[in-house]
1. Once R0 is set to 45 Å, what does the formula 1/(1 + (r/R0)^6) return for the Cβ-Cβ distance between TYR101 and ALA244, expressed as a FRET efficiency to the nearest 0.05?
2. Show me the GluC sites (Glu not before Pro) within the stretch 19-87 that DSSP assigns to loop and that have at most 10 other Cβ atoms within 10 Å of their Cβ.
3. Take the alpha-carbon positions of the stretch 24-118, form their convex hull, and give its projected area averaged over all directions (one quarter of the hull surface) in nm².
4. Could you run the Karplus curve 6.51 cos²θ - 1.76 cosθ + 1.60 with θ = phi - 60° over the stretch 463-473 and give me ³J(HN,Hα) per residue in whole Hz, x for Gly and Pro?
5. Which translational diffusion coefficient, to the nearest whole µm²/s, is obtained for the stretch 262-311 from the Stokes-Einstein equation, given a Kirkwood hydrodynamic radius over C-alpha pairs, 10 °C and 1.306 mPa s?
6. Could you check the simple spin-label distance between THR409 and THR347, using points 7 Å along Cα→Cβ, in nm with one decimal?
7. For the stretch 264-393, what is one quarter of the convex hull surface built on the Cα atoms, given in nm²?
8. Just to confirm my numbers, what's the Cα centroid distance between the stretch 128-163 and the stretch 424-495 in Å?
Amino acid sequence: MTSENAPLIAPEPRPGSNLPEFTVGDLARRLKRSIEEEFGFVRVRGEISQPKKHSSGHCYMRLKDDTAVIEAVCWRGTMAKLAVRPEEGLEVIVTGRMTTYPGRSQYQLIVESMELAGEGALLKMLEERKRRLAAEGLFDPARKKRIPFLPDVIGVITSPTGAVIRDILHRLNDRFPRHVLLWPVAVQGERAAVEVTAAIEGFNRIQPGGRIPRPDLIIVARGGGSLEDLMAFNEENVVRAAAASAIPLISAVGHETDTTLIDFASDLRAPTPTAAAEMAVPVRGELLAQILDDERRLLASASRAVEDRRNRVEGLARGLGDPRALLEGHAQRLDDRAERLNLAASTLLERRRTRVGELAAKLRHPREKLAQAEQKLASESRALDSALRHAVTTAGGRFDRIAGRLSLTPARVKLADGERRIADLTPRLDRSYAKGVADKAAKLASLGQLLESYSYKGVLARGFALVEDRDGRPVTRADQATPGLAVNIVFADDTKVAATIDGGAPKAEAKPETPAEAKPEKKAAPRKPRVVPVQGTLF
């Protein structure tokens, strides 16, 4: 075993020979070095199983086929550069290096790059992703927004150097020139999905009324290509950004036969970028022609409506009579009613004047009524004076009789009786209060002496000691005093001395008693309360 390339397991020694000894770490390092030298760089095809992304950014997974499973690790720096994101059940071709992990006695593959294993695996992954996003409602037609008829500002997300942007601008200028904002992005490669997502979110973050106008419509465009070339528009972050866009979005990715997942999440799909420009704006010449035609038709319709109204009014006028003939009969009737009203008013006035004369003849002169009232008032005044004098005479005699009967003697007798009762209550209250205080003091002293007699302090004062464990709990039974137990011994002056139990007496085995030998337990007689002399009160 002097060479590092020597086999790890020596051949079976002959009797009497010795095997070399390895530590576990030495053996693990030798195995790690052997595997890394033998499989320094490998390319493995398999199906991804149980991918787990750690909080540190590393991804742990398994590669499997029908016969075996290999553990695989993709470090955080490599994860950002992978063209394919690890997903459950995805068949991929992985390039990396083999190594071991001594902490778990396992070998594993360090992933450096990852690609799909054929177009069938790619289509399977896209179909699974489409089904999952559709279940979340991202492709629901009810959430799609209406494309504006004539947007003022159009935001275009595409490559600034390709033919797509020139086709879109050319088509817009031909149909209806509009203000176009270009957000340049990569439409292929590792950075494409991230840049397209940032562009959609960036257009949505533009505030209305700012220095940069907010687009009324967004067009995401790219030319044709293979399925792998269009993969950036199948990424989940791009699809979610398109679905969450508050601005209406038209997807124009690839040719008419190409379909990507962003087409399902967008508000409108265009077969080509040129068709997207045609869907974005109408033809200005057609609009002008339509407006002129609508104007002509509106004027003709208004003229026909006015003519129809005029003919209808003339027809109705022919069916009506002469207004003056209709008013003549009403004017004559009005004159007749006015003449009859004047005659009726004169007759009524004469009738009222006659009635007033008759009533005036029946009325007496006011002086006669005044004299009669004065005589009646004088008679009533004399009667009232007579009644008043009689009432005064009667009330005076009655008052004299009642005044002789009134006296303060009963009130003075009751007042003297109440004073005597109050004087008797004061000494009685003092005696009762003093007796109650003395009884309570005697009871308190008795309870205090009884409590003092029950205190364990008295037992300690007679020469005993209290054993406690280090937590302050008393040790009251021998089975608690295990050898090595740390205890405190408490004396009567509250002094604690630390001690340790060195040994304990063995427990005597109790002999089982037969039913015949078992004796009934004697009940302890109730303890008589200790009689404590009552201490006199200090009050």
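1. Details: r = 41 Å, r/R0 = 0.91.
Taking R0 as 45 Å, the efficiency between TYR101 and ALA244 is 0.65.
2. GLU21
3. Details: hull surface 26.2 nm².
That works out to 6.5 nm², a quarter of the Cα hull's surface.
4. With the stated coefficients, the stretch 463-473 comes to x, 8, 9, 10, 9, 10, 7, 5, 8, x, 8 Hz.
5. After rounding, the answer is 111 µm²/s.
6. About 9.8 nm separates the two model spin labels.
7. Projected area, direction-averaged: 36.5 nm².
8. Taking the Cα centre of each part, the stretch 128-163 and the stretch 424-495 sit 87 Å apart.
Laboratory data are not the source of any read-out in this text; all were calculated from the coordinates shown. Everything quoted here is computed from the prediction, not taken from an experiment. We place every Cβ from the backbone using ideal geometry, glycine too, and count neighbours over all the protein chains shown.
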